Amino acid sequence: MHIRLINPNTTASMTAKIGEAAVRVAASGTRISATNPQAGPVSIESHFDEAISAVGVLDEIRRGESDEVNAYIIACFGDPGLLAAREITRAPVIGIAEAAFHLATLISTRFSVVTTLGRTCIIAEHLLQSYGFAHHCRRVRAAEIPVLDLEDDGASALDRIVEECRRARDEDGIGAIVLGCGGMADLTDQIRDAVGLPIVEGVTAAVKLTESLVSLGLGTSKHGDLAFPRPKRFTGHFDYLSA
Ligand code: 5HY
């Protein structure tokens with residue numbers, strides 16, 4: 001099977017890192033291809049960044065449809081454009097936040113999330129509510145690091161994340177921690193060893209969930225709200241979307 005991993009931000013080094021993390025856990029018969037939009041935010045740290053990045057995600061889904069992709073992963077913890085992406089393909093589309101939440105509830109009754117900047121905690125909190133996991137999550141925490149510090153070896157991002165994970169372990173009464181950024185995908189083992197709790201990371205969780213869906217022959221339902229959008233004209237620079 002062919003899984004297309006979409007990094008919604010436009011930082012190619014993070015796309016490559018995310019792709020490598022996915023390949024490490026993929027089954028032998030699974031091909032992983034990692035992409036990011038050419039246009040959009042270099043990092044996603046706000047509602048505005050999320051909204052702009054969603055257009056790039058949808059363009060990547062449309063591109064994947066001609067590459068005979070079997071499943072898509074949206075590799076940003078805000079799951080930008082998830083439902084719109086599901087409308088335009090019959091393949092499964094999984095967001096890394098929803099994937100991580102699902103797996104965390106299978107190994108613990110309570111978990112906390114550790115993400116990057118405090119201002120984005122509300123995005124994860126909204127997703128927990130809309131996905132139905134809010135009562136499983138004790139707290140959404142932030143290491144207070146800009147997303148691109150994860151691409152800077154000198155930024156001590158790992159230390160900040162480990163410190164916040166240890167506070168979650170000691171204060172939140174939890175059994176597991178969810179990493180709240182696709183850019184943390186290469187840090188899972190180090191964080192687990194430093195914190196001593198199961199660490200659920202969304203990219204790798206989404207790879208295994210999409211493999212399961214594809215192997216069960218399950219794709220996005222086209223009955224109801226996720227049916228293909230009604231054809232219509234789009235104006236201006238969205239003219240290319242007209243049907
Ligand atoms: C992510 N931003 O996973 C999110 C993390 C966040 O550029 N990739 C980003 O803080 O929402």
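The values are calculated or read from the model by the stated rules, or taken from the named source; none is laboratory data. Please read all numbers here as calculations on a predicted model, not as lab measurements. Counting neighbours? That spans all protein chains shown, and the Cβs are built from the backbone with ideal geometry, glycine included. For accessibility, only protein heavy atoms count, side chains too; no ligands or nucleic acids. Shrake-Rupley method; radii C 1.70, N 1.55, O 1.52, S 1.80 Å.
Overview of results
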{"read-out": "Within segment 145-233, helices (runs of 4 or more DSSP H) holding 3 or more residues that are open to solvent by less than 60 Å² (accessible area, probe 1.4 Å) and within 16 Å of the ligand (Cβ to nearest atom)", "value": "157-171, 202-215"}
{"read-out": "Residue within segment 31-49 that is among the basic types (Lys, Arg), out of contact with any strand residue (DSSP E or B) (no Cβ under 9 Å at 6 or more places or on another chain) and either under 17 Å from Ala85 (Cα atoms) or more than 12 Å from the ligand (Cβ to nearest atom) (or both) present", "value": "no"}
{"read-out": "Residues that are buried (at least 20 other Cβ atoms within 10 Å of the Cβ) and away from the ligand (no atom under 16 Å from the Cβ), drawn from segment 105-122", "value": "Phe111"}
{"read-out": "Selection status of Ala16, touching a strand residue (DSSP E or B) at 6+ places or on another chain (Cβ under 9 Å) and away from the ligand (no atom under 11 Å from the Cβ)", "value": "yes"}
{"read-out": "Output for segment 163-200, where each listed residue is touching a Ser or Thr at 6+ places or on another chain (Cβ under 6 Å) and of a type outside the set (A, V, I, L, M)", "value": "Asp172, Gly175, Gly180, Cys181"}
{"read-out": "Test: Ala26 is more than 12 Å from the ligand (Cβ to nearest atom), surrounded by 21 or more Cβ atoms within 10 Å (Cβ to Cβ) and more than 24 Å from Ile122 (Cα to Cα)", "value": "no"}
